[in-house]
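> There's a structure below that I have some questions on.
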Amino acid sequence: MNWNRLYAFVQSTCVVWGASIGAGIFWAMVVTGLCRFAFKLEEKPAMLFIFCPVCIVLVAYWVRKLPARLSKAGMLSDDPSRFGPWFKN
């Protein structure tokens with residue numbers, strides 16, 4: 001097994017998912033706060049009907065968009081397309 005590829009895979013997975021979850025939570029909180037202010041919603045319905053769906057959609061969006069942007073910024077070691085399905089040599 002090529003440990004450099006395994007390390008790069010784990011690093012890119014953790015960085016992409018961590019950044020995606022962080023960005024999704026942040027923007028979902030902003031949208032939820034604006035909706036609570038605009039529509040005078042209580043906390044529980046706002047979190048259930050606005051925060052959760054918006055957060056799930058944004059995390060999915062960022063998981064698809066962030067790898068290219070993070071690679072361009074130099075935060076990822078290797079390009080994920082170079083990883084083989086079973087870490088081929």
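> In nm, to one decimal, how far is the V15 label point from the A73 one, both placed 7 Å along Cα→Cβ?
So the two model labels end up 1.0 nm from each other.
> Using 0.36 nm per residue of separation minus the Cα-Cα distance, give me the extension gain between A38 and N4 in nm, one decimal.
7.2 nm is the gain from fully extending A38 to N4.
> Given labels modelled 7 Å from the Cα in the Cβ direction, how far is it in nm from M29 to L48?
2.3
> Probe 1.4 Å, all protein chains in place: accessible area of W17 in Å², nearest 10?
W17 has an accessible surface of roughly 120 Å² with all protein chains in place.
> At 1.4 Å probe size, what's the solvent-accessible area of L48? Round to the nearest 10 Å².
Roll a 1.4 Å probe over it and L48 shows about 100 Å².
The values are calculated or read from the model by the stated rules, or taken from the named source; none is laboratory data. These numbers come from a predicted model, not from an experiment. Because the Cβ atoms are built from the backbone with ideal geometry, glycine has one as well, and the counts that use them run over all protein chains shown. To get the accessible areas, we keep the full protein, side chains included, count just its heavy atoms, and leave off ligands, DNA and RNA. Shrake-Rupley method; radii C 1.70, N 1.55, O 1.52, S 1.80 Å.
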